[in-house]
1. Which number in (1) among the aliphatic types (A, V, I, L, M); (2) in contact (Cβ under 8 Å) with a residue 40 or more places away in the chain; (3) under 23 Å from residue 276 (Cβ atoms) marks the one condition that residue 108 misses?
2. Among 349, 294, 241, which is within 13 Å of the ligand (Cβ to nearest atom) and among the basic types (Lys, Arg)?
3. Cβ-Cβ distance below 7 Å, separation of 6 or more or different chains: which pairs start in region 142-159 with a residue that is in a loop (DSSP other than H, G, I, E, B) and end on one that is of a type in the set (Ser, Thr, Tyr)?
4. Among the residues of region 329-341, write down those that are within 18 Å of residue 228 (Cα to Cα), more than 9 Å from the ligand (Cβ to nearest atom) and within 14 Å of the chain's Cα centre (by Cα).
5. Applying the selection to region 352-370, what residues are assigned to a loop (DSSP other than H, G, I, E, B) and more than 16 Å from the ligand (Cβ to nearest atom)?
6. Of the numbered conditions (1) surrounded by 18 or more Cβ atoms within 10 Å (Cβ to Cβ); (2) at pLDDT below 90; (3) not aromatic (Phe, Trp, Tyr), residue 316 satisfies every one except a single condition; which is it?
7. Does residue 43 satisfy the condition of being at pLDDT below 95, away from the ligand (no atom under 16 Å from the Cβ) and surrounded by fewer than 22 Cβ atoms within 10 Å (Cβ to Cβ)?
Amino acid sequence: MIPNKHFGRALLALSAAALALFVLSFAHSSAVSIRIPLSDLSAASQVIAQGRVERIESAWTPDGIIESAVYLRVAEAPRGGIARGALIPVQIRGGTVDGLTMRSSEEAVFLTGEEVYLFLDGPANGGYQVVGGGQGKYIVAGGRAVNRETRLSLSLADFERGAQENVWPEDAAASLDATGAAAPDNYAFNNVKWFGPNPMEEPYLINVNTGDAGSSGGANAFVNAIVAGGNAWGNAGAAFRFTYGGGSSVTTTGYDGKNVVHWENMGQSQTLAEATWWFSERGNVDQIVEVDIRFNDYYTWDATGNPASNEQDLQSVATHELGHWLSLGHDTDANAIMYYSYPSGSLKRGLHSNDIAGIRAIYGASSTPVPPTPTRTPTPTRTRTPHPTFAPWEIKSRSYLPLLLK
Ligand SMILES: [Zn+2]
């Protein structure tokens, strides 16, 4: 695998004509997202603004997801013409309603009171959108802006200059955040988990609703690829097993009492696949009550074990997304399954020592299968309320990286 710092530097040197070929060969697509250079994030952003998160309003949509309006009090907007002191809504997929929280693996997460620098698109439907999901949100602290996913760290002066002149330090190694806090044993725990002797308690279902299955391995091979990803975690020596429970006709991510894997055309976004989980308050560690995964059918999926350079190995990406179900966050080690980036056209299926340390730390070490339990902890009842500030969430086909994905 080519380290990302080299990817960014090489990208700068390439002509636009060569860019498409280069990316087809070496792009770091993530189980989440394709690594987006700052210049591309910038080019896709109508607004670049710094400010403080003043409040967050969350609500259910009719589709069974929680979305939020994050209200940013703008301190400075070097691009976009937003006045200092203005309060602008930013639309986010995920949030908390009545003690139940929804999170998606690729979305930026906000806290009230946080100082941030944001790459924004819009406004549309009454709100702005963060460009590039988690890659478009920087936390401001100590005179620098740091991205949690890429760990890029920029001075505020660099940020302002980039926003105004579109000149960015890019992915130079020097800009990597050297002070970023690494999690114990270098895995990242989201501080939510399954509880109980058979932690997940319910099997997961798979809907192979993608045309790719016909030409790249067949539906059974697609199911087997995902199950193999689950088995990798089940064989990690932890007290946790995923159990496959059969097919499903569900075609959307939503809170419906079922843990479903499906395909969905999410458009020419940077997102290859996305895990979503719902959890309720419990204590120091909150309790996951449901999970879903959607693979982006815009991209081409392969289960033959021999993906072409522009194809995604289903088992590799599934292993990463199932790691979010545990729930592990993104690892800082590029060799870990839970690293936020995955190279298209390659196999990256084996758990790294960080991944194994993560699942064992969360669920405890065990060498024997865990017996199932017939009981299930009651979960909060979902109440659906009208969205307070904007129309139901729409998956947007974002405009960046148009050359890269034909
Ligand atoms: Zn991820």
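1. Single failed check for residue 108: (2).
2. One residue alone meets the criteria, 294.
3. Cβ pairs passing all conditions: 143/155; 149/340; 151/332.
4. 337
5. 364, 366, 367, 368, 369, 370
6. Residue 316 satisfies every listed condition except (2).
7. yes
Table: residues versus (1) within 25 Å of residue 151 (Cβ to Cβ); (2) surrounded by 24 or more Cβ atoms within 10 Å (Cβ to Cβ).
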{"residue": "303", "(1), (2)": "no, yes"}
{"residue": "328", "(1), (2)": "yes, yes"}
{"residue": "338", "(1), (2)": "yes, yes"}
{"residue": "342", "(1), (2)": "yes, yes"}
{"residue": "350", "(1), (2)": "yes, no"}
{"residue": "362", "(1), (2)": "yes, no"}
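The values are calculated or read from the model by the stated rules, or taken from the named source; none is laboratory data. Computed from a predicted model, the values in this text were never measured in an experiment. For neighbour counting, all protein chains shown are included, and Cβ atoms are generated from backbone atoms with ideal geometry for every residue, glycine included.
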